[in-house]
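Novice: Have a look at this one before I ask anything.
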Amino acid sequence: MSTAARTPHILTRSGDPDFVDLDWSIPISDWESDRLVDMPSGIHRHPVVFVAYREGVYAIKELPVDLAAHEYEMLRSMEDETRHMARAAGLVTRPWLSDDVEASGAVITRYVRHAFPYRELVTGTGFGERRDALLDAFAGLLVELHLGGFYWGDCSLSNILYRWDASSINAIMIDAETSRIYDQLSRGQRAEDLAIMEMNVAGEMADVALEHGASLDDADLDLGSDISARYASLWSELTKSLIVTAGDHFRIRQRIDRLHGLGFAVEDIDLIPVDDGTNVKIKVTVGGRQYHSEQLRQITGIDVSENQARTILSDLTYHEAKFGVTSETGKAVGAMRWRSTVFEPLVLRISELLPAIDAYQAYCDYLEFRLVMATERERDVSNEEAFSVWEANGFPGLKGASDDHADEDGDAVEGDAALAADGT
């Protein structure tokens, strides 16, 4: 077949490369392009490669065209619902191949910067002291997706990427081949998704134990059921109704604050009269898990993940209190002054000292160090004093220091780095 007859159909998005310089006439596993880069990765069901462009690093997964088109559509459809999902960047089809051939299609996603597969969290045969953080991240992701009507169908540890988020862990969904989207999931659909997750996770934890030479008795086979229990508790908190009596309307604000504290935005509040109008039933419609990140972005223009935003907002509040800022105008001006004189200089300093580390995450780690230092000394500690001690002691508490994934080919990689597609 002539080269002209092997012209692919490439669908890309504004802001991403066109990918036309890649050799789509052959399978991606045969590529020898200078754009290829090695990224953290696990076991794949389909061939996966990573390519670097000026816009960032991208994961390219090769699979039958119908599966590729479905996954691309699912990822695109959920973009407005969550920030905890891979961002689709392109869809490629090879019209000269039959649709059922593995190489007939490819889906391209942006790589999530500073993310890593679950095995980097493993300690021995389990997750050790990180287990609770993993449970929260995993359950939170599932709840958020289910609230958006997203049925996963193949949830597992491998189909999620992980990233440090202040003192927590952020979970990012990366594989949507088996997913479907509904207006609302039934209880049965949610239960089925959780059952699949428990089975997959048990198998993965058994593999982890065997790889460490341990028996199945030592495997953390309860991890999946513990995720489901955490999920059930969070789901109940987010979806339960509340009945308040006259004079107790302050409980409405308490309910909203509680949901915000969990990181979920509140979209609608439905006040329904009950008991002949003497009481009110409150039903709250919950949005995505990005309340604090949206709040920080609106106030300062800084775009970070949810728990990083919560920590950084606390630092902003600390500086407002320290300098006596109370009026709304004063807070707006103070926020910009804080960003230009405190936040940005420290982030730049971190970036220069630790170029391979997520500077926003490191800023959160630094704030924790400053708090501990001030508590131990029983006095306020300036940023300069705290940072100097933090640097001199080798940046204690710094997370993600092993995620040193520089581009070996010297290509400029800006913006998001790509999806380490463990399980794709």
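Novice: Output the direction-averaged projected area (hull surface divided by four) of the convex hull of the alpha-carbon atoms of region 81-163, in nm².
Specialist: Mean projected area for region 81-163: 7.4 nm², to one decimal.
Novice: Counting Lys +1, Arg +1, Asp -1, Glu -1, what net charge surrounds E73 among other residues with beta carbon under 12 Å of its beta carbon?
Specialist: -2
Novice: Mind checking the angle between helix 359-377 and the chain's longest principal axis? C-alpha axes, 0 to 90 degrees, to the nearest 10.
Specialist: 30 degrees
Novice: Now, a different point. Out of I350, A309, M373, whose Cα points farthest toward the positive end of the dipole of region 305-392 (charges: +1 Lys, Arg; -1 Asp, Glu; placed on Cβ)?
Specialist: The residue sitting farthest along the positive end of the dipole is A309.
Novice: Let me know the charge dipole size of region 305-392 about its Cα centre in debye, to the nearest 20, where only the beta-carbon of Lys, Arg (+1) and Asp, Glu (-1) is charged.
Specialist: Using Cβ point charges on Lys, Arg, Asp and Glu, region 305-392 gives about 280 debye.
Novice: Would you look at the GNM of the chain, springs on alpha carbons closer than 10 Å, and say which of E71, E177, E32 moves the most?
Specialist: With Cα springs under 10 Å in the chain, the top fluctuation among E71, E177, E32 is at E32.
Novice: Using the Cα centre as the reference, give the magnitude of the dipole from point charges on the C-beta atoms of the chain (Lys, Arg: +1; Asp, Glu: -1; all else neutral), rounded to the nearest 20 debye. Each step should come with its number before you reach the end.
Specialist: Details: 39 positive and 74 negative charges, 317 e Å.
For the chain, the charge dipole is close to 1520 debye.
Novice: Between I256 and T285, what is the spin-label point distance in nm, taking each point 7 Å from the Cα along the Cα→C-beta axis?
Specialist: Between I256 and T285, the simple spin-label model gives 1.6 nm.
Novice: Give the dimensionless ratio obtained when the Cα radius of gyration of region 305-392 is divided by 2.2 N^0.38 Å.
Specialist: After normalising by residue count via 2.2 N^0.38 Å, the value is 1.10.
Novice: Let me ask another. Report, as a whole number in µm² per second, the diffusion coefficient that Stokes-Einstein gives for the chain at 25 °C and 0.890 mPa s using the Kirkwood radius over alpha carbon pairs.
Specialist: Working: Rh = 23.7 Å.
Taking Rh from Cα pairs, D becomes 103 µm²/s.
Novice: Within 10 Å, count the other beta carbons around each residue, average over each peptide in 375-381, 113-119, 91-97, and list them highest first.
Specialist: Put in order of decreasing packing, that is 113-119, 91-97, 375-381.
Novice: Of all the Cα-Cα pairs you can form in region 240-286, what percent are over 13 Å apart?
Specialist: More than 13 Å apart: 53 percent of the Cα pairs in region 240-286.
Novice: For region 118-236, what does the alpha-carbon gyration tensor say about shape, rounded, prolate or oblate, given a ≥ b ≥ c as the root eigenvalues, a/c under 1.5 as rounded, and a/b over b/c as prolate?
Specialist: prolate
Novice: A follow-up question, please. Among all the aspartates and glutamates, which ones have a C-alpha under 13 Å from K240's C-alpha, if same-chain residues fewer than 8 places away are not counted?
Specialist: Within the straight-line limit of under 13 Å, K240 reaches these aspartates and glutamates: D270.
Novice: Name the residue from Q290, H146, A321 whose Cα lies farthest towards the positive end of the charge dipole of the chain, charges +1 on Cβ of Lys and Arg and -1 on Cβ of Asp and Glu.
Specialist: Farthest towards the positive pole: A321.
Novice: Can you give me the three principal axis dimensions of region 267-342 from its C-alpha atoms, in Å, biggest first?
Specialist: 56, 27, 16
Novice: Sticking with this structure for a sec: What ranking do 228-235, 349-356 get when scored by the average of other Cβ atoms within 10 Å per residue, highest first?
Specialist: 228-235, 349-356
Novice: While we're here: Angle, helix 187-211 long axis vs. longest principal axis of the chain, Cα atoms, 0 to 90°, nearest 10?
Specialist: 70 degrees
Novice: For region 110-212, what is the charge dipole size about the Cα centre, in debye to the nearest 20, if Lys and Arg each add +1 at the Cβ and Asp and Glu each add -1 at the Cβ?
Specialist: 260 debye
Novice: I've got another one for you. With angles folded into 0 to 90 degrees, how steeply does helix 223-239 sit against the dominant principal axis of the chain? Use alpha carbons for both and round to 10.
Specialist: Rounded to the nearest ten degrees, it is 50.
Novice: For region 9-110, rounded, prolate or oblate, judged on the Cα gyration tensor with a ≥ b ≥ c (square roots of eigenvalues), a/c < 1.5 rounded, else prolate if a/b > b/c?
Specialist: rounded
Novice: For K331, list the aspartates and glutamates whose Cα falls under 20 Å from its own Cα; do not include residues on the same chain fewer than 8 positions away.
Specialist: E294, D303, D315, E320, E344
Quick note: the coordinates plus some simple rules give every number you see, no bench work behind them. None of these values were measured; they are calculated from a predicted model. Because the Cβ atoms are built from the backbone with ideal geometry, glycine has one as well, and the counts that use them run over all protein chains shown.
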